[in-house]
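Presented below is the structure to which this report refers.
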Amino acid sequence: MAQPTYSADAIVLKKTKLGEADLILTMIARDGSQLRAVAKGARKPGGAFAGKLEVCNRVHLLCSQGRSLDIVKEARLDAARPALAADAERAACAACAAELAERLTQPELEHPRMFDLLDASFAALAEARGATMLYLCAATLLKLFAFAGIMPQLDRCAICDGPAPATAGRVAFSIADGGAVCAACAAAAEAYPVDADVLALAASLLMATFDSIAATPADEAFAQRVLAFCDDWSRFHVGAKLRSLDFLLSLTA
């Protein structure tokens, strides 16, 4: 009996080898839900899937439903991103976004804005140069946190919602309590000082479009500090270390 088929627009987030020639693909569908499927023979040179199912590519798929994993029957390449693999730093920036999205998405749980966010992020990263890539990477991570409902409070007290002013250029911050905290709340929270300019840049990147970020002069050392902040936040609130982010920080150290 023929299995039901369906079509899907998706962005490839992760590839896992299966057997001698197959791949398990982890993707984000257009509605923001996670889609996992097997592409049989995808690792064969010159096969029907050759060059199409690379991480960060946007594809249109025809799939059939399977018992545990669906099967990719056909794939059309809608947007290739070869520039993202052109150098280690650019590839690491794209990998950070893909890895976090893979961690945050779930089957049948819709995040409608995540698909468009990743598509725009990968397009911007393919054109960016130098430290701008790091700004775009940090912005993508922060926006993914926000869409998943785990964005840190950056400019108000996460406990009482009052002002959280800087003292000597630093703001009390509590990962466990959700972000910046005022002096009164910091006394009862597990707070530590964070440079106010790091939180200010994070807030700016969160609100900015990728076009405006690409047109803004970027400072590599400053970007590293915001990425390190994102790394700490992910470890606590996503419950996972982003290996690609650790690698990116080691590249730019």
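Worth a mention:
- Taking max minus min of the alpha-carbon positions on each principal axis, region 83-161 gives extents of 46, 32, 17 Å, largest first.
- Distance from the C-alpha centroid of region 110-156 to that of region 1-75: 24 Å, rounded to the whole angstrom.
- Here the dipole of region 5-91 is about 160 debye; that uses its Cα centre as origin and unit charges on the Cβ of Lys and Arg (positive) and Asp and Glu (negative).
- Here the 3J(HN,Hα) profile of region 205-215, calculated from phi with Karplus coefficients 6.51, -1.76 and 1.60 at θ = phi - 60°, is 5, 4, 8, 7, 7, 5, 5, 5, 5, 4, 8 Hz, Gly and Pro shown as x.
- Share of pairwise Cα-Cα distances greater than 18 Å in region 140-249 is 50 percent (whole percent).
- Anisotropy class assigned to region 63-202 is oblate, per the alpha carbon gyration tensor with a/c at or over the 1.5 cut-off and a/b no larger than b/c.
- Helical runs (DSSP H, four residues minimum) scored at -39500 (n - 2.57) apiece and divided by the length of the chain put the mean residue ellipticity at 222 nm at -12000 deg cm²/dmol.
- Size descriptor, Kirkwood hydrodynamic radius, that averages inverse alpha-carbon separations across the chain, Å: 19.3
- Within the accessible area of the chain (1.4 Å probe), percent carbon and sulfur: 52
- Check: region 1-159 dipole with +1 on Lys, Arg Cβ and -1 on Asp, Glu Cβ, in debye: 320
- Those GluC sites (Glu not before Pro) in region 93-153 that DSSP places in a loop and that have at most 15 other beta carbons within 10 Å: E108, E110
- Cα-based shape type of region 210-253, given that a ≥ b ≥ c are square roots of the gyration tensor eigenvalues and the cut on a/c is 1.5: prolate
- Taking amide H positions as modeled 1.01 Å from N, with prolines and chain starts lacking one, the residues under 5 Å from K73 and 5 or more places away or on another chain are L62, C63, S64.
- Dipole axis of the chain (+1 Lys, Arg; -1 Asp, Glu on Cβ), positive-most option in G149, I71, P107: I71
- Positive end of the dipole of the chain (Cβ unit charges, origin at the Cα centre): among Y6, P165, F210, the Cα lying farthest that way belongs to Y6.
- Listed by chain and number, the aspartates and glutamates whose C-alpha is less than 14 Å from the C-alpha of K44, apart from same-chain residues fewer than 8 away, are E20, D22, E54.
- Considering only beta bridges that DSSP places wholly inside the chain, some 90 percent are antiparallel.
- Sequence-distant lysines (8 or more away, or on other chains) whose Cα lies within less than 26 Å of K40: K14, K15, K17, K52, K73
- Placed amide H near A42: partners under 5 Å, 5+ positions off or other chain: L23
- Whether region 1-111 is rounded, prolate or oblate, judged on the alpha carbon gyration tensor where a/c under 1.5 counts as rounded: oblate
- Charging the Cβ of each Asp and Glu at -1 and of each Lys and Arg at +1, and nothing else, the dipole of region 106-161 about its Cα centre rounds to 220 debye.
- Gained length - A228 relative to A88, 0.36 nm times residue gap less alpha-carbon distance: 48.6 nm
- Kirkwood Rh and Cα Rg combined as Rg/Rh, region 48-106: 1.03
The values are calculated or read from the model by the stated rules, or taken from the named source; none is laboratory data. Small disclaimer: the values here were computed from a predicted structure and weren't measured. All Cβ positions, glycine included, derive from the backbone under ideal geometry; neighbour counts span all protein chains shown. SASA here: full protein model, heavy atoms, side chains in, ligands and nucleic acids out. Shrake-Rupley method; radii C 1.70, N 1.55, O 1.52, S 1.80 Å.
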